[in-house]
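Please read the structure below before turning to the comments.
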Amino acid sequence: MINGIINVYKEKGYTSFDVVAKLRGILKTKKIGHTGTLDPDAEGVLPVCLGKATKVCDLLTDKNKEYVAVMLLGKVTDTQDTTGTVLEEHLVEVTEEQVKEAVLSFTGEYMQVPPMYSALKVNGKKLCDLARAGVTVERQARPVQLYSIEIIKMELPRVCMRVRCSKGTYIRTLCQDIGEKLSCGACMESLLRTKVSEFCVQDALRLSEIEERVQKAAGQTQSEQWNAEMFDFIYAVDSVFLQYKKAVICKEWNKLLYNGNRMKKDMFVSYQKDWEQQKVRIYDEEGRFIGIYEYSEIHGDYKPVKLFMEA
């Protein structure tokens, strides 16, 4: 089994599901998942997890993200982007200074109503499916965090901006909300996701590039014998946890370690007290990544948070 993470560049026209389906065929593996949906017309970073790394999917979905978007002022559509049906058109008579002020006013936390054309579910049904059937349902506003908004270029009615935001932020909705504030309406013209956690767009690979590298690296090797070490573009599972300190368990405790037991302080190689302040990456003495653990003051030991069991 191949265990690891691929930084995929999702191209326009593909759904996130399409990317996963194509990678299943390229890598001859079934256990695979993506880390957060990108609209078919959006492009950019889509980390894809393989094998044991699929346990990381939810963690990466929760990570902060960065986008470069082009907002088109003067148009309001049912999908909040230029692919939808135009509902309103307005003259754009605002100044660049007014636009800048409106855009930057959304920095910080604001309450955002999820769009009808989204994968969110209400009573077990996706909002986008309801929207396509002509049904509109009430959605509760949710707090989202915009850590920074930078205007890269402004040629009205278009505004190109870079947005760093929390999970659950809809850039389409942000564009529409900015348009409402300016009283001229707006929708999103294009979207590029440039970063998810530590995965950046400049390092992302298109599906065609991945397929070419797989064929070159695998050669005549049977797919049953493939592993992550054969492919230099597959990141190790622990690469997304480098913000946590590394801790090693003495090999005499391997049986307890591999069975997912709690670890006592005297089981560690060169124990450090500051490990108690945050989660730690735990390995065996052979360097195999076991999982993420955290210290329990009540029990005075370390309990597993997420196990990957590469052993």
Open to solvent by 10 Å² or more (accessible area, probe 1.4 Å) and farther than 19 Å from Ala228 by Cα - does that describe any residue in the stretch 44-53?
-> no
Given the conditions (1) buried (at least 17 other Cβ atoms within 10 Å of the Cβ); (2) touching a helix residue (DSSP H, G or I) at 6+ places or on another chain (Cβ under 9 Å), every one holds for Val137 apart from (1)
Would you check if there is a residue in the stretch 136-144 being within 16 Å of Met71 (Cβ to Cβ) and assigned to a strand (DSSP E or B)?
-> no
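A quick yes/no check of all residues on (1) in contact with a strand residue (DSSP E or B) (Cβ under 7 Å, 6 or more places away or on another chain); (2) of a type outside the set (Gly, Ala, Ser); (3) over 17 Å from Val196 (Cβ atoms):
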| site | (1), (2), (3) |
| --- | --- |
| Asn7 | yes, yes, no |
| Tyr14 | no, yes, no |
| Ile32 | yes, yes, no |
| Glu43 | yes, yes, no |
| Ala69 | yes, no, no |
Selection from the stretch 1-43 of residues that are crowded, with 18+ Cβ neighbours inside 10 Å, aliphatic (A, V, I, L, M) and within 17 Å of the chain's Cα centre (by Cα) = Ile5, Ile6, Val8, Val19, Ile32, Leu38, Ala42
Does Thr95 satisfy the condition of being within 18 Å of Gly185 (Cβ to Cβ), at pLDDT below 95 and open to solvent by 60 Å² or more (accessible area, probe 1.4 Å)?
-> no
Do we have Met161 as closer than 24 Å to Ser16 by Cα and in a loop (DSSP other than H, G, I, E, B) here?
-> no
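The values are calculated or read from the model by the stated rules, or taken from the named source; none is laboratory data. Only a predicted model underlies this, so the values are computations on that prediction, with no experimental measurement involved. Cβ: placed from backbone, ideal geometry, glycine included. Neighbour counts: every protein chain shown. Side chains are part of the model used for accessible areas, which takes the heavy atoms of the whole protein and leaves out ligands, DNA and RNA. Shrake-Rupley method; radii C 1.70, N 1.55, O 1.52, S 1.80 Å.
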